[in-house]
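Q: To start, I am sharing the structure in question, which I have written as structure tokens.
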Amino acid sequence: MLDKLKESLRNSPVIKKGEYDYFVNPVTDGIPLTEPELLEEVAEEIVRRFRPEADKIICIEAMGIHHATVLSLKTGIPFVVVRKRRYGLPGEVAVHQMTGYSEGELYINGVDSGDRVVVIDDVVSTGGTLLAVLEALREMDVDVRDVITVIDKGEGSRVVRERTGFTVKSLVKVDVIDGRVKVEDIPAGGPHD
Ligand SMILES: O=P(O)(O)OC[C@H]1O[C@H](OP(=O)(O)OP(=O)(O)O)[C@H](O)[C@@H]1O
């Protein structure tokens with residue numbers, strides 16, 4: 001199960017971003033090469049495990065977009081992208097994103113009070129991105145049905161659960177130890193489901 005994903009993660013180079021150990025992988029960076037079979041394996045497993053049902057999929061620029069695209073094609077659920085670019089459209093909501101190595105603004109458009117949504121991203125690490133987006137969606141009275149990431153890294157999913165009550169559902173757990181990516185299965189129906 002998820003053999004392509006786990007193999008690609010184990011082979012991911014790790015770079016330092018300041019003190020942060022950053023693994024580089026097609027799922028999270030679109031490099032070195034994003035093979036359709038990997039995207040297919042990831043999306044198939046998300047559908048099989050979590051059966052997403054919603055009015056909209058919400059993904060976060062940039063590396064949530066390719067996963068949302070495949071999931072949208074598979075489920076027929078349309079998706080909207082939380083962008084790093086301000087549009088100034090009526091109702092736009094800006095949130096401040098902080099990760100383990102960067103910070104910036106994210107802009108939510110195309111999401112309305114009462115929408116039933118599934119939030120998807122490539123990875124949760126410190127939880128800073130999901131915290132900002134989920135708190136904004138709660139303020140907007142949006143009905144968040146599921147929060148899904150392909151990869152669970154570090155302590156971010158615990159932080160998100162403690163601060164928002166949402167359980168982040170992920171496919172695999174990774175940690176960087178001595179400059180190498182270690183991958184653990186998350187059993188289907190496990191603590192993340
Ligand atoms: O849990 P966190 O510590 O917030 O880290 C997770 C976030 O980090 C990356 O976003 P980033 O904006 O850095 O990169 P991207 O544009 O490549 O998606 C990733 O796509 C997640 O959104």
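The values are calculated or read from the model by the stated rules, or taken from the named source; none is laboratory data. Remember, predicted model here, so these are calculated numbers, not experimental data. Glycine also receives a Cβ, built like all others from the backbone with ideal geometry; neighbour counts cover every protein chain displayed. Each accessible area value is taken on the protein alone, full model and side chains, heavy atoms only, with ligands, DNA and RNA left out. Shrake-Rupley method; radii C 1.70, N 1.55, O 1.52, S 1.80 Å.
Q: Under 16 Å Cα to Cα from Lys74, which aspartates and glutamates show up? Leave out anything in the same chain fewer than 8 places away.
A: Glu37, Glu40, Glu41, Glu44, Glu45, Glu53, Asp55
Q: Moving on to the next point. So, taking all protein chains as they sit and a 1.4 Å probe, how much accessible area belongs to His96, in Å² rounded to tens?
A: Solvent-accessible area, nearest 10 Å²: 80 Å².
Q: Turning to a different aspect of this structure: Quote the relative contact order of segment 1-183 in percent (integer), defining contacts as alpha-carbon pairs under 8 Å separated by 6+ residues.
A: Values: 354 pairs, mean separation 37.6, N = 183.
Relative contact order here is 21 percent.
Q: So what J values fall out for segment 64-80 if you push phi through Karplus, 6.51 cos²θ - 1.76 cosθ + 1.60 with θ = phi - 60°, rounded to Hz, Gly and Pro as x?
A: x, 5, 5, 6, 5, 4, 5, 5, 5, 5, 6, 9, x, 7, x, 10, 10
Q: Taking Lys182 as the anchor, which aspartates and glutamates have their alpha carbon closer than 13 Å to its alpha carbon, excluding any fewer than eight residues away along the same chain?
A: Glu7, Asp21, Asp152
Q: Over the chain, with every protein chain in place, what whole percent of the accessible area is carbon and sulfur at 1.4 Å, could you tell me?
A: Whole-percent figure for carbon plus sulfur exposure: 49.
Q: Against the longest alpha carbon principal axis of the chain, how many degrees, from 0 to 90 and to the nearest 10, is the axis of helix 128-139 turned?
A: With rounding to tens, the tilt is 20 degrees.
Q: Follow-up. Amide H of Gly100 versus every other amide H placed in the peptide plane: which residues, excluding those fewer than 5 positions away on the same chain, fall under 5 Å?
A: Residues meeting the amide H criterion: Thr126.
Q: Please work out the average accessible area per residue across segment 1-183, using the 1.4 Å probe convention, and give it in Å². Spell out each step's value before the answer.
A: Values: 8680 Å² over 183 residues.
On a per-residue basis, segment 1-183 sits at 47 Å².
Q: At 222 nm, what value in deg cm²/dmol follows for the chain if DSSP H runs of at least 4 each add -39500 (n - 2.57) and the sum is divided by all its residues, to the nearest 500?
A: -9000 deg cm²/dmol
Q: To test your reading of the geometry: what angle, between 0 and 90 degrees and rounded to tens, separates the Cα axis of helix 36-50 from the longest principal axis of the chain?
A: Helix 36-50 and the main axis of the chain meet at about 60 degrees.
Q: While we're looking at this one, here's another question. Taking a 1.4 Å probe, which of Phe50, Phe166 shows the most accessible area, and what order do the others take after it? Please report the intermediate quantities before stating the final value.
A: Values: Phe50 15, Phe166 45 Å².
Descending order: Phe166, Phe50.
Q: Amide H neighbours of Ser170 under 5 Å, at least 5 residues apart or on other chains, H built in the peptide plane: list them.
A: Thr149
Q: Students often check this: by mean Cβ neighbours within 10 Å, which of 180-186, 132-138 ranks highest, and how do the rest follow? Intermediate values should be presented prior to the final figure.
A: Numbers: 180-186: 15.3, 132-138: 19.9.
So the order, starting with the most tightly packed, is 132-138, 180-186.
Q: Within the set of other residues whose C-beta is less than 10 Å from the C-beta of Tyr107, count the net charge using Lys and Arg as +1 and Asp and Glu as -1.
A: Around Tyr107, the surrounding residues sum to +1.
Q: May I pose another question? As a test question: what accessible area, to the nearest 10 Å², does Ser113 have when a 1.4 Å probe is rolled over all protein chains in place?
A: Rounded to the nearest 10, the figure is 80 Å².
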